[in-house]
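So the structure is just underneath, and the comments pick up after that.
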Amino acid sequence: MTIGYQLRKIRQFLNLTQSQMCAGIISESFYSKVEHDKSDLSFDKLLAILKAHNISLYDFFEAFDEENLPKVKLRKQIYTAFNNRNINQLKRIKKSLNKRDTIKILKINLMLAALNRQVYEIPEEIQKEIMSKCLKVDLRKQKNFWNLAISTSIYNFSELSAFIDYILENSTELERP
């Protein structure tokens, strides 16, 4: 769930147009971009919009807690296990995942391969796919830097050097989760 999605859901529930929802606080075109996750809304503008419609912060963010708390907790467990080089914990987490969690399973497999120094066993086509996807991530999001860090073990030195140059050229100030 995103801020834009939650704003749209509330706006539709209140049966308001985008123009009514933005309440003169921001332009309608900017508000539309926020709803479509193409622009970020500052916290003070979000507060002003919520206040204009008598929506409490608790009510607005409650949906985020319900939907994202288990995901955030799992992501933290995975990254903590990787940081601590706890191979057994990563294996337990992987075993507990649903088969539909393919991205998490792939990340854990890559982490395990890196920790076990078995990255060379990852098929070359999968390595190339990971490398190409890394060049398409939004470098403003902190969680994407985790994904980049996890993938560094598949690069040789010259590729890694070019990869670091890409990060430096395309990064801006990080957004906090």
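For (1) at pLDDT 85 or above; (2) open to solvent by 90 Å² or more (accessible area, probe 1.4 Å); (3) of a type in the set (V, I, T), each residue gets a yes or a no:
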position: A63; (1), (2), (3): no, no, no
position: N68; (1), (2), (3): no, no, no
position: R75; (1), (2), (3): no, no, no
position: E124; (1), (2), (3): no, yes, no
position: L135; (1), (2), (3): no, no, no
position: T152; (1), (2), (3): no, no, yes
position: N156; (1), (2), (3): no, no, no
position: I164; (1), (2), (3): no, no, yes
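For the condition part of a helix (DSSP H, G or I) and more than 15 Å from K9 (Cβ to Cβ), what is the one hit in L50, L74?
Working: L50 fails: more than 15 Å from K9 (Cβ to Cβ).
Residue meeting the stated conditions: L74.
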Subject >> Pairs, first under 18 Å from Q89 (Cβ atoms) and among the β-branched types (V, I, T) in the stretch 100-129, second part of a helix (DSSP H, G or I) and open to solvent by 100 Å² or more (accessible area, probe 1.4 Å), C-beta under 9 Å, six or more apart >> reply: I108/K91
Original post:
How about the stretch 89-103: which of its residues are open to solvent by 60 Å² or more (accessible area, probe 1.4 Å) and either touching a Cys at 6+ places or on another chain (Cβ under 6 Å) or not in a helix (DSSP H, G or I) (or both)?
Top reply: N98, K99, R100
**OP:** Of the numbered conditions (1) modelled with pLDDT of 90 or more; (2) under 17 Å from T2 (Cα atoms); (3) open to solvent by 70 Å² or more (accessible area, probe 1.4 Å), I49 fails exactly one; give the number of that condition.
**Re:** (3)
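The values are calculated or read from the model by the stated rules, or taken from the named source; none is laboratory data. These figures come from a predicted structure and were not determined experimentally. Don't worry about glycine lacking a Cβ; one is built from the backbone with ideal geometry, like all the others, and counts go over all protein chains shown. Each accessible area value is taken on the protein alone, full model and side chains, heavy atoms only, with ligands, DNA and RNA left out. Shrake-Rupley method; radii C 1.70, N 1.55, O 1.52, S 1.80 Å.
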